[in-house]
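The numbers here are math on the coordinates, done by the rules we state, and not lab data. This one's a predicted model, so the numbers in the text were calculated from it and none came from an experiment. Ideal geometry is used to build each Cβ from the backbone, glycine not excepted, and the neighbour counts take in all protein chains shown.
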Ligand SMILES: Nc1ncnc2c1ncn2[C@@H]1O[C@H](COP(=O)(O)OP(=O)(O)O)[C@@H](O)[C@H]1O
Ligand SMILES: [Mg+2]
């Protein structure tokens, strides 16, 4: 994707973004840095696709952080057990250590005596790999201890980011929270960044006295990027490539998508690649690009809708139309949107929350995290 040192499209859609194409987040980077520098574990929450993973990668790329810490990024979205959690950590540690050569990897693997003998070599690179199968992790708690003990002995402090941390609440084994918490609280050389988007689950995990992670971490809420900063950023990138865009068009797009980072990037990426060199990207062009994307997504959205019951669909459409909806079981809301009854709304809401099609804020307001789906539903 890179041409003459510049990417073909400067609006990145991945979460590991080079500095020049990463918008702002200066204050947030500072806050996150302060937490890890003071060795305080931190929980970072935001709606999906607002920029948590991106911010962590960005922090890990700071030259002084690279120099003074060992950093690890463990995404546990696809894990369903402590064994899989351990697999992910093991792979990430081996991956990072392999940049430093054979010996550090060998030392790490040797330190995991609970797994002795189950490693293999990658024939291509000649490096040992963490090829441990789930069934081979026979004493997960011991292996976890050994992994943490290895990090504790490192010659620099370690930062471990665990992304999509709310997953552990879904593990079948119910004491994983307690196991992790008791190990983590003893660590002196290792700081954790827990990130996740399911606010309700995380609030319970970290905020209720009965749960192991209660008050174990500072909390950081990641908000949308400042609209002025985003408009500066987007216009600068167009100009850098000799393309023209009006600032107003970016501001209007920002409002239409409520500043949700991924959706902004997606539309601007599309607009950037379609815009002819002699045209100015204005409001009309940007909104047409947004429409284009929604049309491309139509089949997926249709499929989602056809998997819903009539009352679930009606509620999703009603919330999409309102943007945010407070009293969804009130007589007024039910009447206004022609819904059946408060009780049918309530059970529909429960299913939609579970499927993450709807989100509920701490103030009990309902909205759609997927700003494209929201717009697609409300334009019909
Ligand atoms: N600071 C940023 N500058 C530019 N794009 C960003 C920035 N932060 C996030 N993004 C965009 O938003 C998308 C979602 O960000 P990500 O960090 O994966 O969100 P989250 O982890 O909160 O779900 C990224 O893939 C990227 O396209
Ligand atoms: Mg993420």
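Divide by every residue of the chain the summed helix terms, -39500 (n - 2.57) for each DSSP H run of at least 4, and state the resulting mean residue ellipticity at 222 nm, rounded to the nearest 500 deg cm²/dmol.
Result for the chain: -15500 deg cm²/dmol, rounded to the nearest 500.
Please give the FRET efficiency for residue 131 paired with residue 332, using the beta carbon to beta carbon distance and R0 = 56 Å, rounded to the nearest 0.05.
With R0 = 56 Å, the Cβ-Cβ based efficiency is 0.40.
Which length gain, in nm to one decimal place, applies between residue 380 and residue 343 when the Cα-Cα distance is subtracted from 0.36 nm times their residue separation?
Numbers: separation 37, 0.36 × 37 = 13.32 nm, distance 2.62 nm.
The residue 380-residue 343 span can extend by a further 10.7 nm.
Taking Cα atoms, how many degrees apart are the long axis of helix 247-256 and the longest axis of the chain, rounded to 10 and kept between 0 and 90?
Taking Cα atoms only, the helix is inclined about 80 degrees.
Would you mind calculating the relative contact order of segment 308-379 from Cα pairs under 8 angstrom and at least 6 residues apart, reporting the percent as a whole number?
39 percent
Find the all-direction average of the projected area of the Cα convex hull for segment 269-342, expressing the result in square nanometres with one decimal place.
The orientation-averaged projected area of the Cα hull of segment 269-342 comes to 6.6 nm².
Starting from the Cα of residue 172, step 7 Å along the direction of its Cβ; do the same at residue 27; then give the gap between the two resulting points in nm.
The answer from the label model is 4.6 nm.
Once you have a ≥ b ≥ c as the square roots of the Cα gyration tensor eigenvalues for segment 25-221, tell me rounded if a/c is under 1.5, and otherwise prolate or oblate according to whether a/b is larger than b/c. Before the final figure, lay out each step's value.
On the way: a/c = 1.78, a/b = 1.27, b/c = 1.40.
The shape class here is oblate.
Taking segment 308-379, how much of its Cα-Cα pair set, in percent, is spaced more than 18 angstrom apart?
Of all Cα-Cα pairs in segment 308-379, 26 percent lie more than 18 Å apart.
Roughly how far apart, in whole Å, are the Cα centres of segment 162-192 and segment 337-378?
Each part's Cα centre sits 30 Å from the other's.
How much of the DSSP bridge set in the chain is antiparallel, in percent, rounded to the nearest 5?
About 25 percent, rounded to the nearest 5.
Against the longest alpha carbon principal axis of the chain, how many degrees, from 0 to 90 and to the nearest 10, is the axis of helix 52-61 turned?
Orientation of helix 52-61: about 50 degrees from the principal axis.
For helix 102-111, report the angle its Cα long axis makes with the longest principal axis of the Cα atoms of the chain; keep it between 0 and 90° and round to the nearest 10°.
80 degrees
Can you tell me how the chain classifies by the Cα gyration tensor, rounded, prolate or oblate, using a/c under 1.5 as the rounded cut?
The shape class here is oblate.
Using a Förster distance of 25 Å, how high is the FRET efficiency between residue 106 and residue 189, based on the Cβ-Cβ distance and rounded to 0.05? Before the final figure, lay out the partial values.
Values: r = 21 Å, r/R0 = 0.83.
The calculated FRET efficiency here is 0.75.
How high is the FRET efficiency from residue 210 to residue 244, r the C-beta distance, R0 45 Å, rounded to 0.05?
0.20
Viscosity 1.306 mPa s, temperature 10 °C: give me the Stokes-Einstein translational D for segment 5-100 in µm²/s, with Rh taken as the Kirkwood radius over C-alpha pairs.
The diffusion coefficient I find is 105 µm²/s.
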